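Structure first, then comments.
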Amino acid sequence: QVQLVESGGGLVQAGGSLRLSCAASGRTFSNYAMGWFRQAPGKEREFVAAISWSGGSTTYANSVKGRFTISRDNAKNTVYLQMNSLKPEDTAVYYCADRYGSGSKLDYSYEYWGQGTQVTVSS
């Protein structure tokens, strides 16, 4: 079965950095676009970043543009989210998800989801 497993979350001070990883298994990783989403307490899940199957196309939420970078290594079946200049408002559970075709900001268009990893940014 398809599994997506996130890791790399934790507690960091404002201005710090974290790198999240999402390891995929169960189907041909390089056939699928990947996305990162996040959900803060009491808020709806929101789009963070997406990357095409080849890694040649990326898109970001305005709130993270210039601070976060999404990348992937198809040989390792893993997608990454490098988060720099973290802010307290980045605190959330971060999820990765996959979809066939190109990357998308629409969470309902993604098929499989990981269990999430907590990111907490202290001020």
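Remarks
- Directionally averaged shadow of segment 53-93, computed from the convex hull of its alpha-carbon atoms, nm²: 3.5
- Divided by 2.2 N^0.38 Å, where N counts the residues, the Cα radius of gyration of segment 2-59 comes to 1.30.
- Computed from the C-beta positions of Arg67 and Ser104 and an R0 of 25 Å, the FRET efficiency is 0.75 to the nearest 0.05.
- Formal net charge of residues neighbouring Ala50 (Cβ-Cβ distance under 9 Å; K, R +1; D, E -1): +2
- Exposed loop sites here are trypsin sites (Lys or Arg not before Pro) assigned a DSSP state other than H, G, I, E or B and surrounded by at most 12 other beta carbons within 10 Å; excluding them, the longest clear run of the chain is 77-123.
- For segment 87-123, applying the loop criterion from DSSP together with a ceiling of 14 other beta carbons within 10 Å to the chymotrypsin sites (Phe, Trp or Tyr not before Pro) yields no site.
- Amide H partners (placed H, <5 Å) of Arg72, local residues excluded: Tyr80
- Net charge of neighbours whose Cβ lies under 15 Å from the Cβ of Gly9, counting Lys and Arg as +1 and Asp and Glu as -1: 0
- Portion, in percent, of the accessible area of segment 1-65 that falls on carbon or sulfur, probe 1.4 Å: 44
- Sequence-separation-based contact order of the chain, relative, with Cα cut under 8 Å and 6+ spacing, percent: 36
- Accessible area (Å², per residue) of segment 5-115, counting only protein heavy atoms and a probe of 1.4 Å: 50
- Efficiency of FRET from Cβ geometry, Glu89 and Ala23, R₀ 35 Å, rounded to 0.05: 0.80
- With kT/(6 pi eta Rh) evaluated at 10 °C and eta = 1.306 mPa s, and Rh the Kirkwood radius from Cα pairs, the chain diffuses with a coefficient of 113 µm²/s according to Stokes-Einstein.
- Alpha-carbon centroids, segment 99-123 and segment 28-60: separation in whole Å: 5
The values are calculated or read from the model by the stated rules, or taken from the named source; none is laboratory data. No experiment lies behind these values; they were computed from the predicted model shown. Methodologically, a virtual Cβ is constructed for each residue, glycine included, from the backbone with ideal geometry; neighbour enumeration extends over all protein chains shown. Only protein heavy atoms, including side chains, enter the accessible area calculation; ligands, DNA and RNA are left aside. Shrake-Rupley method; radii C 1.70, N 1.55, O 1.52, S 1.80 Å.
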